[in-house]
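Bear in mind that the values in this text are calculations on the coordinates, not laboratory data. The structure displayed is predicted, hence computed values, not measured ones. We place every Cβ from the backbone using ideal geometry, glycine too, and count neighbours over all the protein chains shown.
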Amino acid sequence: MSSGEPTRDDVVKKPDVDEKKDASDPADGEELRFTPEEEEALVKESDTLKQEANALFASKEYQDAINRYDDAINSCPKYLHYPRAVIYSNIAACHIQLEDWKEAIKSASDSLKALEKLEQNDPRLQHDGKEDGEEKAKKEGDDVEEEIISHGASRAAPAPESVNQEVKKLEANIQRIRCKALMRRARGRTEAGGWHNLAGAEEDCKALAAKPESLAPADLRVVQKQLRELPPRVKAAQEKEMGEMWGKLKDLGNGILKPFGLSTNNFQMVKDENTGGYSMNFQPGGKSQ
């Protein structure tokens with residue numbers, strides 16, 4: 001999967017969030033709400049740190065960028081799911097550049113979880129949401145996101161005629177960040193390898209392929225290529241891991257049976273061709289191992 005170089009022209013205009021009281025477990029910190037003034041100050045601080053991280057990313061100082069993005073996350077209120085999703089996605093981009101696939105997968109997953117929380121908690125997004133062709137999400141490569149706007153700063157009610165436009169803009173931004181996070185997680189999973197990761201990468205690519213209009217042509221080609229190449233890799237990884245698992249189980253069984261002069265060779269699984277089921281046959285002539 002491609003990761004690309006960052007650009008600075010993909011600007012988040014309006015990270016709107018739910019204004020209602022969050023009813024989640026207080027232990028996760030999301031129930032705490034700040035005053036508009038406190039929130040605005042925190043978001044301003046988070047945005048400043050994020051801009052610094054973006055500059056570090058552009059300078060290819062990826063570890064320093066990660067540290068600064070972490071500071072930005074810590075300054076951003078936990079109930080502001082959209083800007084947090086943006087930052088997590090940017091952190092995933094840094095880990096991809098460092099080829100730290102495990103952390104790239106984790107950060108991309110955190111971004112996707114934040115978007116899910118936003119969609120669950122924002123009442124404006126609780127609708128069937130047929131997508132308007134003119135407002136479909138645009139994919140602008142593997143860039144990092146620029147701007148965080150305070151929920152408090154955007155608290156003033158918009159004119160009635162602009163409400164639908166704002167919701168469509170938010171939905172488009174959500175889809176755009178979701179595509180970035182899915183691309184980055186799929187890249188991380190593909191590179192990390194293993195049955196679980198490769199199967200997950202295939203699922204991510206299927207999700208991306210379901211929204212081709214949200215992808216840049218180059219990314220769509222990558223997704224289509226991966227959907228051709230991943231299935232045999234998934235199958236091969238599955239067979240390899242299953243073989244290793246059975247090998248370990250056999251070794252364990254031999255260790256248990258050895259004191260009795262037996263081994264797993266004394267037991268054979270026989271498939272019933274009529275039912276497809278298996279039965280175990282005991283053969284006393286097998287040699288212990």
Handout entry: Karplus-derived 3J(HN,Hα), 6.51/-1.76/1.60, for each residue of the stretch 179-195, Hz, glycine and proline x
Key = 5, 4, 5, 5, 4, 6, 5, 4, 4, x, 5, 4, 6, 5, x, x, 4
Handout entry: Dipole magnitude (debye, nearest 20) for the stretch 205-276, charges at Cβ of Lys, Arg, Asp, Glu
Key = 180 debye
Practice task
Mark the label point 7 Å from the Cα of K240 along Cα→Cβ and return the residues of the stretch 195-230 whose backbone N is within less than 13 Å of it.
Solution key: 195-199
Completion exercise
Karplus ³J(HN,Hα) for the stretch 90-97 (6.51 cos²θ - 1.76 cosθ + 1.60, θ = phi - 60°; Hz, whole; x = Gly/Pro) runs 5, 4, 4, 4, 5, 5, 5, 4
Exercise for the section: Return V270, V167 ranked ascending by Cβ neighbour count within 10 Å, so the fewest neighbours appear first. Expected result: V270, V167
Handout entry: Relative contact order for the stretch 169-289, counting Cα pairs under 8 Å that sit 6 or more residues apart, in percent
Key = 17 percent
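Could you put T190, T275 in order, starting from the residue whose Cβ has the fewest other Cβ atoms within 10 Å?
By the 10 Å Cβ count, ascending, the order reads T275, T190.
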Practice task
Arrange the following residues from fewest to most other Cβ atoms within 10 Å of their Cβ: I66, I256.
Solution key: I256, I66
Fill in the blank from the handout: Residues meeting the amide H criterion for F267 (H placed from the backbone, H to H distance under 5 Å, 5 or more places apart or on another chain) are Q283
